[in-house]
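To keep things clear, I will list the structure first and then write my remarks on it.
Readers should treat all values here as calculations from the given coordinates under stated rules, not as data from a laboratory. The structure displayed is predicted, hence computed values, not measured ones. Glycine gets a Cβ as well: all are built from the backbone with ideal geometry, and neighbour counts include every protein chain shown.
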Amino acid sequence: MIQCPKCGSNSIAYGQTRDRPNASYVWRSRTCKECGKTFSTREYTLEEIAKLIDEGKESVVDLRNQCDDLLADLTELITQYKSIK
Ligand SMILES: [Zn+2]
């Protein structure tokens with residue numbers, strides 16, 4: 001279950017989704033109904049992840065690209081946190 005990263009509440013409102021080109025996930029914005037914190041999630045199908053792992057050499061590259069992509073998002077998030085402090 002998705003929990004608010006700030007207060008831990010399970011009461012989360014779904015926000016807008018965003019499709020990224022060539023991405024095997026749905027990026028979704030969410031807002032905590034308790035404290036109003038907005039955050040985002042990525043939704044992958046397990047099949048999609050299994051495919052990335054299972055299809056041989058090319059898919060390893062895909063998997064690496066996905067990880068790079070995820071790292072880029074996380075770096076951006078960390079930068080945001082740092083600028084708030
Ligand atoms: Zn919250």
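In segment 31-70, how many residues are without any contact (Cβ under 8 Å) to a residue 40 or more places away in the chain and away from the ligand (no atom under 16 Å from the Cβ)?
Of the residues in segment 31-70, 27 are without any contact (Cβ under 8 Å) to a residue 40 or more places away in the chain and away from the ligand (no atom under 16 Å from the Cβ).
Among the residues of segment 1-39, count how many are assigned to a strand (DSSP E or B) and surrounded by 14 or more Cβ atoms within 10 Å (Cβ to Cβ).
Looking only at that region, the number is 11.
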